Amino acid sequence: TTSANRTKYYVSYRRNGFVQMKLPKYALPKDLQIISTDENQVFVAVQEWYQTDTYNLYQSDPQGVYYSILLENIRSTKQPEENVLIDILEVRGVKGVFLANQKIDGKVTTLITYNKGRDWDFLNPPDIDMNGKPTNCKPPDCYLHLHLRWADNPYVSGTVHTKDTAPGLIMGAGNLGSQLVEYKEEMYITSDCGNTWRQVFEEEHHILYLDHGGVIVAIKDTSIPLKILKFSIDEGQTWSTHNFTSTSVFVDGLLSEPGDETLVMTVFGHISYRSDWELVKVDFRPSFPRECTDDDYEPWELTNLQGDRCIMGQQRSFRKRKISSWCIKGRSFTSALTSKVCECVNSDFFCDYGFERSAPLKSESSKCFADFWFNPEAPPEDCMLGQAYTNSTGYRKVVSNVCEGGVDLQQNLAQHMCPLIAPKGLQISIREESLAVKPGEDITFIVRQEQGDILNTKYRVDLGDGFKAIYVNLTMTGEAIRHHYENPGIYRVSVKAENVAGHDEAVVFIQVNSPLQALNLEVVPVVGRNQEVNLTAIILPKNPNLTVFYWWIGNSLQPLLTLDNFLVTKFAETGGIRVTVQASCGSSMLQDSKVVHVFDHFHVLPLKFTAHLDMYNPDIPEWREDIGRVVTRLLAKETNIPKETLMTVVKPGLPTTADLHVLLPANQTKRKRSVTSDKRIAAIKQALNAHNISFFLRGGYWVLVTLADSGSDSQRLGGGSGYWAIVILFVFCLVAVGAFILYKFKRQ
């Protein structure tokens, strides 16, 4: 499950309930891949927060809950469709043996373990190559490294081949050197489970085991057609060739008949890229005169690279066919011979949860130390009052290890009674994963507690709108609290968990908002350069809680954020500047945009209207814009002034007033502008004072437009200093002679 960009993983043991997998506290996994669930434990590869192309290998306890690290920085490769391949391979036939490719500082090396990851070692290189010449590869500067890739084609073997009924037999492609080289794919084989290796081919081959590994078949991995295969009956010591077809074939894959004992295989491919498949059957049975008897086998004891015979708590011996015997193992063959239980030694134990070894690659000297975040003496998180628990010594026996007696690193475990633990790590989450809801919308609260007693803890819940309750066993039952808020607002939701040992509290704030329905940006369309201007965002419904306003000025990609619905700013450059505002409230967001024209010089004339206009003023932006356009058009027509140089801005509110902006021509000198401007102002005043500017309203009424103060001069903005002081006096009178003139006429 993923929440707040963090993923938690859960496991069910023997079909019981799912419990959270306990990785080290600060692993913070980005990804987790299951490697194996064999033998009562789980191997997982975890990509931690700091890793990009590597994973760390972890091993669980028998229930799959608590995980300890085995090996860091295993190489990974991303495949199409987001598949991830981890460079780790379980060697079939011998339990507890794994191969892994570790990548450190860009350098990839191959490691092997014989005890389920407790100890890791490099692969010993062969002394001579396939031609009998010295390899000159000496540890610690040179080892054998193998490619651990799965084949894309399911009918070929991949780069490493092992088999359950051929214990100790491993064949793979790789190279000698200080690190793995991608383009080098020489073939190597071991028949003693990785202790000694031999080079058999200089290029990669597809491998097929027949008769429990008694016959090894190899076909060259190439894009050219073939008609020869190679086979060995002495575990790769010598190789023979066989013409399996008279016509060369592009090999697509190898198949064997069902059963590990079979000596019959099929090579399938095509003669040309356009031809049908060709299937060639190869039967090795006539090559063997008889079936094997007990005298044809000899024992082989499993050892690790240090020569230890006690591996995973026992000495194991296997049967293998003698090199000199030319016989069929057959269906009755079994590889296991004897096993003997060993006394326990230090290497039979590895670090418990919360502990790590100081040197993971060293087999004996390293000890387990508690991680800084782990307190070994603290009771476990699920410790209930009345139960008993034991502190970890830092070690636990490797799962499936059968050693008896001898060293016991888990001894001296003192048993303690679980104390009453104060609640800790209390959390409130929202099932719907949103802290902003609409009025009346259902919201579900989930309460979780990471640590502390649950059975003896009370939970006081306050949902912030008057609802209060006390719960018992709230976090154990997983009971959800469903609620809805009727009215908009900010609600403080709190849960307090308390018992005799202490208490903890969790708080979350819920925003209940009605969705935004409308947004309009109110701004004076004409302003002076470096003059303060108020940008106002009008939203519906009015005054919702915690609306955030994003303001973009001009071409800036970085918005200004406010909680107020206005912004006071200045424009340093002249010209048309676009202002955009976005209002965000809960899950709703609206936007509006306007262009502000910035000038160095212009005039402003205050206007007023007949009183009856107020009766029909809905005080909405569209209405004000329409009135402004009508007045501008009438003035331009009456005075013969270009409409582009006039702009009427009707102000919000009552009584209805407006400003007439008279823009100065940009293509004239300053002196000519002044003369021209004076003439235009005089013409506008004359038209207004003569009561020549009026328009039809409704109901038989006409609206007259006049100067707000007919005796005053117009205000002028300008000058080279870059600063303006603007004083505009509006005089409003309910009754004034010559101020409001009403025309009434009869309809014809």
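With charges only on Cβ, +1 for K and R and -1 for D and E, what is the dipole size of the chain about its Cα centre, in debye, rounded to 20?
So the dipole magnitude of the chain works out to roughly 4160 debye.
What percentage of the solvent-accessible surface of the range 424-510, computed with a 1.4 Å probe over protein heavy atoms, is contributed by carbon and sulfur atoms?
46
How many nm is it between the label spots at Thr338 and Phe566, if each spot is 7 Å from the Cα in line with the beta carbon?
The modelled label-to-label distance comes out at 9.8 nm.
Stretch Thr444-Arg460 to full length: gain in nm at 0.36 nm per residue minus the Cα-Cα span?
4.1 nm
Of Lys367/Lys397; Lys637/Lys679; Lys651/Lys679; Lys227/Lys320, which sit over 20 Å apart, Cα to Cα?
Too far apart for the 20 Å limit: Lys651/Lys679; Lys227/Lys320.
Which aspartates and glutamates have a Cα lying under 14 Å from the Cα of Lys78, excluding residues fewer than 8 positions away in the same chain?
Asp31, Asp53, Asp87, Asp152
How tilted is helix 670-689 with respect to the longest principal axis of the chain? Cα atoms for both, answer in degrees (0 to 90, nearest 10).
60
In what sequence, highest mean first, do 391-400, 253-262 appear when ranked by Cβ atoms within 10 angstrom?
391-400, 253-262
Take peptides 214-225, 5-16 and line them up by average Cβ neighbours within 10 Å, highest first, as a rough protection proxy.
In descending order of packing, they fall as 214-225, 5-16.
Of the listed values (i) 101, 31, 24; (ii) 66, 30, 23; (iii) 86, 38, 23, grab the one calculated as semi-axes √(5λ) of the Cα gyration tensor in Å from the structure here.
The listed entry that was calculated here is (iii).
Rolling a 1.4 Å sphere over the protein heavy atoms, what is the accessible area per residue of the chain, to the nearest Å²?
Each residue of the chain exposes 52 Å² on average to a 1.4 Å probe.
Rounded to the nearest 0.05, what FRET efficiency do Trp373 and Lys281 give with R0 = 45 Å and r taken as the Cβ-Cβ distance? Could you check?
Rounded to the nearest 0.05, the efficiency is 0.15.
Excluding residues fewer than 8 places away in the same chain, name every one of the lysines whose C-alpha is closer than 16 Å to that of Lys496.
Leaving aside lysines fewer than 8 places away in the same chain, those within reach of Lys496 are Lys424, Lys458, Lys468.
Would you mind checking the pairs Lys95/Lys138; Lys594/Lys643; Lys103/Lys230; Lys95/Lys133 and listing those with alpha carbons more than 23 angstrom apart?
Listed pairs above 23 Å: Lys95/Lys138; Lys103/Lys230; Lys95/Lys133.
Tell me the carbon and sulfur percent of the accessible area for the range 602-707, rounded to whole percent, probe radius 1.4 Å.
For the range 602-707, the apolar C and S fraction of the accessible surface comes to 53 percent.
Using just the helices of the chain, give the 222 nm mean residue ellipticity in deg cm²/dmol: DSSP H runs with n ≥ 4 each add -39,500 (n - 2.57), and the total is spread over all residues, rounded to 500.
Per the formula, -2000 deg cm²/dmol.
Based on the Cβ-Cβ distance from Ala636 to Asp709, what FRET efficiency comes out when R0 is 30 Å, to the nearest 0.05?
The formula returns an efficiency of 0.85 here.
Set the Förster radius R0 to 22 Å, insert the Cβ-Cβ distance between Glu644 and Ala683 as r into 1/(1 + (r/R0)^6), and round the FRET efficiency to 0.05.
0.85
What nm distance separates the two modelled labels at Thr390 and Phe695, each placed 7 Å from Cα along Cα→Cβ?
Reported label-point gap for Thr390 and Phe695 is 9.3 nm.
The values are calculated or read from the model by the stated rules, or taken from the named source; none is laboratory data. On a predicted model such as this, the values are computed, not experimentally measured, just so you know. Here Cβ is always computed from backbone atoms with ideal geometry, including for glycine, and neighbour counts include all displayed protein chains. Ligands, DNA and RNA are excluded from the accessible area calculation, which covers all protein heavy atoms including side chains. Shrake-Rupley method; radii C 1.70, N 1.55, O 1.52, S 1.80 Å.
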